[in-house]
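Read the structure below first, then the notes.
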Amino acid sequence: MPLPATLARSDAPRNPEVAPEVVTAPAVAPPPAIRKRPPPRTVGTRVHGQPAFVLHSYPYKETSLIVELMTRDFGRVALIAKGAKRPHSQLRGVLQTFQPLSAGWTGKNELRTLTDADWVGGMLPLEKTALLCGFYLNELLVKLLARDDAHPALFNHYVATLNQLAHNESPPIVLRKFETALLRETGVAADLTRCTTTRAKVLADVQYVVEPERGPRPVLADDTAPRVSGKTLLDMEREDYQDPATQAQSKQLMRYLLAHHLNGAPLNTRQILIDLMQL
């Protein structure tokens, strides 16, 4: 309990005619400021029942796989699936892309060990063009997301995007929305609604270029970046892609921005999609 401001001495005389001697309590130093602990790291923890999707997998030694998972609470994680290549492995039929899983793992290093994975179900499979679009999403996540960097909102957007593709919604529009959400969630998206030179709201009838690290500014004569109208930028902010001009300009803009943030690394599925759909 905190000390009172004054204390009566316990050995003071009990004569009622004599007031007890009063002494001032020593000043109590304030407690030291409590430092906030950083969020717990995922390395070295044991995880059970984590919602997840397979992004990518590749062989590891003779009978195992290394699996990249997109998880709800831990972001992108890399796990060794021991024995997953064996013909009778229970994991062999579970670790499929675009199907919701409940996963668990353990380990102290960046590459941990998958301990369990169960198929959850409840989503339609992707087919034809939608399937290729799904692989494009996965390639973006593998190349743009750092491992062990949680993005719960992006995970939810990924699930919604898979559902939209499975229900035959327009792939170009679905992909533009996801690309924009990905850049925002990873903290590299500029504000498309404010001109960087004036800080005023972009005007619908003005032509702009978007500097990847800063945002839109009016076009200059020697600009080589894609030119987009202010209307397109405002439409993208509202996720309104009904205007064919907005679809065409946003396609060029997102291709340009993604190339910048990928440092020029090619996207294999993007090229296939360009060839098939002219995205």
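Since every read-out is calculated from the coordinates, none of them should be taken as a lab result. Only a predicted model underlies this, so the values are computations on that prediction, with no experimental measurement involved. Note that we place each Cβ from the backbone using ideal geometry, even for glycine, and neighbour counts take in every protein chain shown.
For this structure, a couple of remarks:
The rows are residues; the columns are (1) more than 19 Å from His260 (Cβ to Cβ); (2) assigned to a helix (DSSP H, G or I).
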| site | (1), (2) |
| --- | --- |
| Ala160 | yes, yes |
| Pro172 | yes, yes |
| Leu175 | no, yes |
| Thr180 | no, yes |
| Leu192 | no, no |
| Arg199 | yes, no |
| Val210 | no, no |
| Pro216 | no, no |
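- The range 59-79, residues that are of a type in the set (Val, Ile, Thr) and surrounded by fewer than 19 Cβ atoms within 10 Å (Cβ to Cβ): Thr63, Ile66
- Residues of the range 234-255 satisfying the condition of being surrounded by 17 or more Cβ atoms within 10 Å (Cβ to Cβ) and either touching a Gly at 6+ places or on another chain (Cβ under 6 Å) or closer than 21 Å to Asp191 by Cβ (or both): Leu234, Asp235, Met236, Tyr241, Thr246, Gln249, Ser250, Lys251, Leu253, Met254
- The numbered conditions (1) more than 23 Å from Leu131 (Cα to Cα); (2) in contact with a strand residue (DSSP E or B) (Cβ under 9 Å, 6 or more places away or on another chain); (3) buried (at least 16 other Cβ atoms within 10 Å of the Cβ) are all true for Lys231 except (2).
- In the range 111-143, the qualifying residues are those that are in contact with a strand residue (DSSP E or B) (Cβ under 8 Å, 6 or more places away or on another chain) and hydroxyl-bearing (Ser, Thr, Tyr), and the one that is surrounded by the most Cβ atoms within 10 Å (Cβ to Cβ) is Thr115.
- Of all residues in the range 202-228, those satisfying the criterion of being surrounded by 13 or more Cβ atoms within 10 Å (Cβ to Cβ) and either among the polar types (S, T, N, Q) or touching a Ser or Thr at 6+ places or on another chain (Cβ under 8 Å) (or both) are Val202, Val206, Gln207, Tyr208, Glu211, Gly215, Pro216, Arg217, Pro218, Val228.
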